[in-house]
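The values are calculated or read from the model by the stated rules, or taken from the named source; none is laboratory data. Everything numeric here is computed off the predicted structure, so don't read it as measured data. Here Cβ is always computed from backbone atoms with ideal geometry, including for glycine, and neighbour counts include all displayed protein chains.
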Amino acid sequence: MKKMSILVFAGLLAIMLMAGAASAHVTVFPKEATQGAYEKFTVRVPSEDKESPTTKVEVKFATTDVAISRVEPKPGWKYEMAKDGEGKVTGITWTATDTGIMPTEFVEFNMQGKVEDAAAQITWKAYQTYKNGTVVEWTGAPDAKTPASVTAVKAKPANGATDSHGNTTSASAGGTEDKEASSLPLYLSIAGLVLGALALLVALTKKAK
């Protein structure tokens, strides 16, 4: 029994350590998106160094997977967009104008863009620079010590499309069924007026007799 308790404790400790390590990664949310949709992507950056703050964060991505067009301003930080020869954004670098991300802190950076129609996943390669000059490259495979964050991309619904805001619209939107449903209150009102008129007519006829 004692041996089993030790094994259980060791297993729980390992899980806690793994969870702590995973939560310390530079991660981009959401973890799942839809082809053709417009999304707000959030880069969550925790500071792991116990003494030196994070002063710069660079994120790179493939233009064939996502078209980033806007960045949300962040107090205490300035940003710069890197672009290719066609003017497409290939990466964003945030640089601290103040103290940066102190130990035990994390910061979230927001950007907006469109998921490309043929994308299968978006790989976000991040480079985290500390004030002491250390650079951590979050560019590895999912099982690596410093993995790149990945957003899985699901196919656009076969019977629908996405509007300019990334919302799914049904192919039958605005069809006969919708028109009939929207006309139902009018039909009921007309029927009510007809029945009321008939009732009034019957009452007047009886009074006349």
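Of all positions in region 7-26, none carries a residue that is within 27 Å of residue 156 (Cα to Cα), modelled with pLDDT of 95 or more and under 25 Å from the mean Cα position of the chain (by Cα).
List the pairs whose first member sits in region 146-166 and is in the same structural domain as residue 44 (by TED's automatic domain parsing) and modelled with pLDDT of 95 or more, whose second member is acidic (Asp, Glu) and part of a loop (DSSP other than H, G, I, E, B), and whose Cβ atoms are under 9 Å apart, counting only residues at least 6 apart or on separate chains? Here the result reads 151/65; 153/65; 153/116, each pair linking region 146-166 to a residue that is acidic (Asp, Glu) and part of a loop (DSSP other than H, G, I, E, B).
Those residues that are in a strand (DSSP E or B) and either under 22 Å from the mean Cα position of the chain (by Cα) or free of Cβ contacts under 8 Å to residues at least 24 places away in the same chain (or both), I need them from region 116-145; list them, please.
Hits for region 116-145 are 121, 122, 123, 124, 125, 126, 127, 128, 135, 137, 138, 140.
Taking region 33-115 and the strands (runs of 3 or more DSSP E) fully enclosed by it, the elements with 2 or more residues that are in contact (Cβ under 8 Å) with a residue 60 or more places away in the chain are at 38-46, 54-60, 106-115. Against the definition (surrounded by fewer than 19 Cβ atoms within 10 Å (Cβ to Cβ), among the β-branched types (Val, Ile, Thr) and either closer than 22 Å to residue 137 by Cβ or under 22 Å from the mean Cα position of the chain (by Cα) (or both)), how does residue 63 come out, yes or no? Here the answer is yes, as residue 63 does meet what is asked.
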